[in-house]
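One structure is given below, encoded as structure tokens.
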Amino acid sequence: MHHFLLLSIGLSLSNCIQTESSEGTNGAPDSVALLSDSLATDQIMSLLGEPLPPKAFEGTERMRRERMLARAKEQYEQNPDSLESIIWYGRRLAHLGRYSEAITVYSDGLTRHPDSHKLLRHRGEALITARAFDQAMHDLENAAFFSLMEENEKELAVSGAGANKPIRNIRFSIWYHLGLAYYLRGNFDKAISAYKKSLTESDNDDLRVATLAWLYRTYIRIGNQAEADALLEDVSPNMRLVENRDYLNILLLFKKELSPERLYELASRRDNSLDPTVGYGLANYYALQGEIQTASETFD
């Protein structure tokens, strides 16, 4: 069976991932207890049942991130009740690929701040990476509820061109990642609703193109080409971006204003692999054109 078809089945069937339900603080699931033993060593399995390689870094990037983690850990140890210290310690761990440790830090933090939409938002994102989609949805749904009673604050990115810049906001991040969790679980109608809410919280072009790229693919998943194409009307190469050029390029590909050959060039890395964000969009494009073999090769 083609890998694209395998992935489609994995994304479309809600029975493909089985999880148990247990209750933790404030009715939230005990996410750490529900994760597989393999995650305890940060070994994450793909939806195809294959172990994913550990996070790789070029040059001195690992050392730089280790230094930032050391500072975050020191601040956390000096003030373990500080919400911001907890969040940044967890984010720096996840930034190094230490996801189970990050989840543990967020979970410990939730015993002190059980209604924190910020902690639930970050743990939810980490759980998505760990392929624990049910737990992620639970966290992010609760985060969305608790955020209604709080100010919508700006959120700094950890890495990339937008690092330490207030491009995102908390409510955007909650709805965006909740949409992703629904999408990966095959709940496409719920994903569309979440992404529409994410779009209302998208107050700049970076957030808009990221949301539109996923919303477009979600409409395609349910066979609604007309709604998908309508999203592209205001997409333009002149959009003002800081960090999400890849998502814009994917949208321009679907709009037929960028060729797949050019996008393939932009996605290519020195080790002959493809950037995963762009590669996934490119493979979806090939599949939509009926080029299943090329889509499968692109996923590989």
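The table below lists the values:
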{"read-out": "Selection within region 95-135 - over 18 Å from residue 147 (Cα atoms), among the small types (Gly, Ala, Ser) and free of Cβ contacts under 8 Å to residues at least 60 places away in the same chain", "value": "97, 102, 126"}
{"read-out": "Residue match in region 147-166 (condition: assigned to a strand (DSSP E or B) and either within 27 Å of residue 220 (Cβ to Cβ) or open to solvent by 20 Å² or more (accessible area, probe 1.4 Å) (or both))", "value": "yes"}
{"read-out": "Residue 236 under 20 Å from residue 207 (Cβ atoms), out of contact with any Lys or Arg (no Cβ under 7 Å at 6 or more places or on another chain) and among the hydroxyl-bearing types (Ser, Thr, Tyr)", "value": "yes"}
{"read-out": "Unique match (being acidic (Asp, Glu) and modelled with pLDDT of 85 or more) among 30, 81", "value": "81"}
{"read-out": "Hits in region 274-299 - residues which are open to solvent by less than 30 Å² (accessible area, probe 1.4 Å) and in contact with a Gly (Cβ under 8 Å, 6 or more places away or on another chain)", "value": "298"}
{"read-out": "Residue among 169, 204, 142 that alone is open to solvent by less than 10 Å² (accessible area, probe 1.4 Å) and over 12 Å from the mean Cα position of the chain (by Cα)", "value": "169"}
{"read-out": "Residues located in region 114-144, provided they are closer than 24 Å to residue 166 by Cβ and hydrophobic (A, V, I, L, M, F, W, C)", "value": "119, 120, 126, 128, 140, 143, 144"}
{"read-out": "Residues within region 183-202 that are within 20 Å of residue 132 (Cβ to Cβ) and among the aliphatic types (A, V, I, L, M), tallied", "value": "3"}
{"read-out": "Test set (1) on the phi < 0 side of the Ramachandran plot; (2) open to solvent by less than 30 Å² (accessible area, probe 1.4 Å); (3) under 16 Å from the mean Cα position of the chain (by Cα) - residue 199 fails condition number", "value": "(2)"}
{"read-out": "Single residue of region 165-213 satisfying the filter (in contact (Cβ under 8 Å) with a residue 60 or more places away in the chain and aliphatic (A, V, I, L, M)) that is nearest to residue 251 (Cα to Cα)", "value": "213"}
{"read-out": "Residue match in region 224-242 (condition: closer than 18 Å to residue 209 by Cα, among the basic types (Lys, Arg) and either open to solvent by 60 Å² or more (accessible area, probe 1.4 Å) or out of contact with any strand residue (DSSP E or B) (no Cβ under 6 Å at 6 or more places or on another chain) (or both))", "value": "yes"}
{"read-out": "Residue 189, sole failed condition from (1) modelled with pLDDT of 95 or more; (2) of a type in the set (Asp, Glu); (3) in contact with a helix residue (DSSP H, G or I) (Cβ under 7 Å, 6 or more places away or on another chain)", "value": "(3)"}
{"read-out": "Members of region 58-103 that are farther than 30 Å from residue 271 by Cα and open to solvent by 70 Å² or more (accessible area, probe 1.4 Å)", "value": "71, 73, 74, 75, 77, 78, 79, 81, 84"}
{"read-out": "Selection from region 123-139 of residues that are out of contact with any Phe, Trp or Tyr (no Cβ under 8 Å at 6 or more places or on another chain) and open to solvent by less than 40 Å² (accessible area, probe 1.4 Å)", "value": "124, 128, 132, 133, 135, 136, 139"}
{"read-out": "Some residue of region 208-223 being of a type in the set (A, V, I, L, M) and either within 17 Å of residue 127 (Cβ to Cβ) or more than 15 Å from the chain's Cα centre (by Cα) (or both)", "value": "yes"}
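The values are calculated or read from the model by the stated rules, or taken from the named source; none is laboratory data. Not measured: the values here are computed from a predicted model. Glycine also receives a Cβ, built like all others from the backbone with ideal geometry; neighbour counts cover every protein chain displayed. Side chains are part of the model used for accessible areas, which takes the heavy atoms of the whole protein and leaves out ligands, DNA and RNA. Shrake-Rupley method; radii C 1.70, N 1.55, O 1.52, S 1.80 Å.
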